[in-house]
């Protein structure tokens, strides 16, 4: 029996070292060398160098003076990253969407974009469509006492065109420009 156990333990130890130590360290080293920004979380810094978030994760922006991201089923917590799992026929989902749409609608005559009232699959999608960003312009312009044209220009400058899918805008990037540029925003 020892003739079977000894090779099994040797293979177990070898595979543990290979797959638990060598492989993760080599993948980490390659990632750090080839893609250091992405390997370290695609962090976004403000004008003073302080880390404000990640390009890959949505954050909560509730005040009327900021662009809002999609709602999050997990309250923007990465540990609770998930969709709501509510079916389209679920009354709770219908009520939540109706409530969110009523809050967002305000004085805006345009229909509320679905992105602003429905969660993404992960609940942490940092991007919205340019149309969803445009929908928020009136609220932000009123809250910041600034011209609508400046906000439209800001959105146009921040449109990203991914390889696959429609053009999108990163909400954190828009809000950082508003926070960092006194010529765009009025004093806090």
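Taking only the Cα atoms of the range 1-57, how large is their convex hull per residue, in Å³? Before the final figure, lay out each step's value.
Working: hull volume 5.7 nm³, N = 57.
Measuring per residue, one finds 101 Å³ for the Cα hull of the range 1-57.
Principal-axis analysis of the Cα atoms of the chain puts helix 2-17 at an angle of about 30° to the longest axis. Computed from label points 7 Å out along Cα-Cβ, the spacing between residue 39 and residue 17 is 2.4 nm.
Dividing the convex hull volume of the Cα atoms of the range 72-160 by its residue count, what figure in Å³ per residue is obtained?
That works out to 112 Å³ per residue.
So if we plug the beta-carbon distance of residue 25 and residue 109 into 1/(1 + (r/R0)^6) with R0 = 45 Å, what FRET efficiency do we get, rounded to 0.05? Computed FRET efficiency for residue 25 and residue 109 comes out at 0.20. On the basis of the beta-carbon distance and an R0 of 41 Å, residue 48 and residue 100 show a calculated FRET efficiency of 0.75.
Taking the longest Cα principal axis of the chain as reference, the axis of helix 148-157 is set at about 30 degrees. Computed from Cα positions, the angle between helix 91-105 and the longest principal axis of the chain comes to roughly 50 degrees. P(r) tail for the chain, what percent of Cα pairs lie past 26 Å? Summing the P(r) tail past 26 Å for the chain gives 46 percent. Applying 0.36 nm per residue to the separation of residue 159 and residue 142 and subtracting their alpha-carbon distance, the gain on full extension is 3.9 nm. Over the range 43-101, what is the mean sequence separation of C-alpha contacts under 8 Å (at least six apart), divided by residue count, expressed as relative contact order in percent? The value is 16 percent. Here, the range 128-177 is characterised by an Rg to Rh ratio of 0.98, where Rg is the alpha-carbon radius of gyration and Rh the Kirkwood radius. Calculated on the Cα set of the range 26-118, radius of gyration then Dmax: 17.8, 55 Å.
Since every read-out is calculated from the coordinates, none of them should be taken as a lab result. This one's a predicted model, so the numbers in the text were calculated from it and none came from an experiment. Ideal geometry is used to build each Cβ from the backbone, glycine not excepted, and the neighbour counts take in all protein chains shown.
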